[in-house]
Amino acid sequence: MTPEKTENIDLVMGIPSFNEADNIAFVARQLATGTKRYFPGLSPVIINLDNNSPDNTRDAFLSSDTEGIPKKYVSTEKGVVGKGNNLKNLFKEVDRLQPKAAIMVDADLRSITPEWVNTLATPVLEGHDYVTPIYSRNEYDGTITNNICYPLIYGLFQTDIRQPIGGDVAFSSKMAKYWLGMEWKESTRQYGIDIFMTTTALLNGFKSCQVMLGSKVHKPSAPKLGPMFSQVVSTLFENISSFKDQWMAEKSMKRPPVYGNCNYQDPQPLSTDYKDVKKNALEGFSQMNKIISGILFPSRYHQVKRMYEKKRWNIGSGLWSEMLYDFVYMYDNTANKEMLIEALKPLYFARVASFYRQTMELDHLDAEHKIQRQALHFRRTRNLLVKRFASEKSLSGVGTTETSYIS
């Protein structure tokens, strides 16, 4: 499909991908059916944003039956990978076409229905700039979201966004232009893109909301030591640091409106490997012990060290919020930010292992309530971090010796 055939577009639907030949045609068909059903008067296009997938994703997408709705394939240059790089290409297309609304959905979705098109696009058509999802999601799926992204945004930004890195979103042309004009670090070009989008939208006055999408069935993101953790967390910490004047000044809780059908659906089943998560926590703490001791407040460090020595993790929501705020503060005060993120990994695994033990006999809704109560702990303890930053500011940049272990 040539660019000339995509002029005067009202609705852009993007599918970022890498090696998704087995499912992308299904996603494209659902988007097409939803557009025909709910927006017959709009001029749409479906765009696949790819990384030159070697598994034939391109042909699977272009040969899919989209009921006459035009398709376009856009790829990064050979050797250039990363979800963020794909979305930058999407933002460029949206900025060029200036549609009334743009939506983006993951290529691995099994649960997407035509209704998702209506649910995601309608708020943008009615004036919102950014739309994030709410799913019925297994409590052990998305552990970075549940234990780091969601509670930090709730606690520090005082904004209740349940899935800040959900992957299935909608946005305005104005929002896309804003993102293109921002500084893009390497982590933003990779898995850090979703948290980059959410934090910058929330902290810069864009009108946001959430929509109910039911159960998310996809390739689940179980806890892992891969690049996703480092890219997501470093991007989040970077934006917390960069915009701290904004969120520190915020005094009240913001609850973006929620649209869509709120009927509960059981989430997809997900197996867990508690022993492996516990093992990663123990081994990682042993390797990062000295660095962790220079980051955590002494009483918190000794509390965690005793758990390590007993080989029994029991990190609750209160302790976890205080520990994570120690890391956020030190991220702002050390040059070796990569090492700090590495030191956080074993503690993240320790918190996930603790959560497994605390919820193994709970049903999905009770576990979800526990995740929400954890976010409340982060809000209640936010002044621990606010006061440290405020004190640092009053000292007019006087240094701290707390970074001495991060070398």
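No lab work stands behind these numbers, since they all come straight from the coordinates. Please read these numbers as outputs of a predicted model, since none were measured by experiment. So basically every Cβ, Gly included, is an ideal-geometry build from the backbone, and we count neighbours across all protein chains shown.
Between Asn19 and Leu365, the contour length at 0.36 nm per residue exceeds the Cα-Cα span by 121.2 nm.
Under 14 Å between alpha carbons, and skipping anything fewer than 8 positions from Lys36 in its own chain: which aspartates and glutamates qualify? Excluding near neighbours in sequence, the set is Asp10, Asp65, Glu67, Glu115.
With a Förster radius of 30 Å applied to the C-beta separation of Asn56 and Asp276, the computed FRET efficiency comes to 0.35. The GNM of the chain, with springs linking C-alpha atoms under 10 angstrom apart, assigns the highest mean-square fluctuation among Ile195, Ile165, Ile291 to Ile291. Overall size of the range 47-106 from C-alpha positions, given as principal axis extents largest first: 33, 26, 18 Å.
The GNM of the chain, with springs linking C-alpha atoms under 10 angstrom apart, assigns the highest mean-square fluctuation among Ser63, Ser75, Ser241 to Ser63.
Footprinting exposure proxy ranking of Val12, Val74, fewest other C-beta atoms within 10 angstrom first, gives Val74, Val12. Model label sites at Val258 and Phe206, defined 7 Å from Cα along the beta-carbon direction, differ in position by 2.2 nm. State the answer as a single residue: which of Gly167, Ile9, Met104 lies farthest towards the positive end of the charge dipole of the chain, with beta carbon charges of +1 for Lys and Arg and -1 for Asp and Glu, about the Cα centre. Projecting each Cα onto the dipole axis, the largest value belongs to Gly167. Backbone amide hydrogens, once placed in the peptide plane, bring Gly14 within less than 5 Å of Ile47, Ile103, Met104, Val105, excluding anything fewer than 5 places away on its chain.
Using C-alpha pairs below 8 Å separated by at least 6 residues, the relative contact order for the range 305-364 is 49 percent.
For a straight C-alpha distance cut-off of 16 angstrom, the aspartates and glutamates reachable from Lys278 (same-chain residues fewer than eight places away being disregarded) are Glu309.
Structure remark: mean-square fluctuation, Gaussian network model of the chain, C-alpha springs under 10 Å; the largest value among Asn261, Asn86, Asn52 belongs to Asn261. Fewest neighbouring Cβ atoms within 10 Å first, the residues Met288, Met323 line up as Met288, Met323. With contacts taken as Cα pairs under 8 Å and at least 6 residues apart, the range 106-166 reaches a relative contact order of 30 percent.
Using C-alpha pairs under 8 Å with a sequence gap of at least 6, the mean separation divided by the residue count of the chain gives a relative contact order of 16 percent. Entry note: the range 274-403 has Rg to Rh equal to 1.00, where both radii use alpha-carbon atoms and Rh is the Kirkwood radius. Checking the cross-link pairs Lys88/Lys345; Lys310/Lys393; Lys275/Lys337; Lys100/Lys370 against a 32 Å limit on the alpha carbon distance flags Lys310/Lys393; Lys100/Lys370 as lying beyond it. Footprinting exposure proxy ranking of Ser271, Ser230, Ser187, Ser17, fewest other C-beta atoms within 10 angstrom first, gives Ser271, Ser230, Ser187, Ser17.
Using a 10 angstrom Cβ neighbour count of at most 13 plus a DSSP loop assignment to flag exposed GluC sites (Glu not before Pro), which longest range of the chain is free of such sites? Longest run free of exposed loop sites: 187-360.
A straight line joining the Cα centroids of the range 120-135 and the range 15-39 runs 18 Å. Using 7 Å Cα-to-Cβ label points, what is the Asn8/Ser215 separation (nm, one decimal)? That separation, rounded to one decimal, is 4.3 nm. Just one of (i) 19; (ii) 29; (iii) 23 is percent of Cα pairs over 37 Å apart as worked out from the coordinates here. Which one is it? Computed from the coordinates, percent of Cα pairs over 37 Å apart corresponds to (iii).
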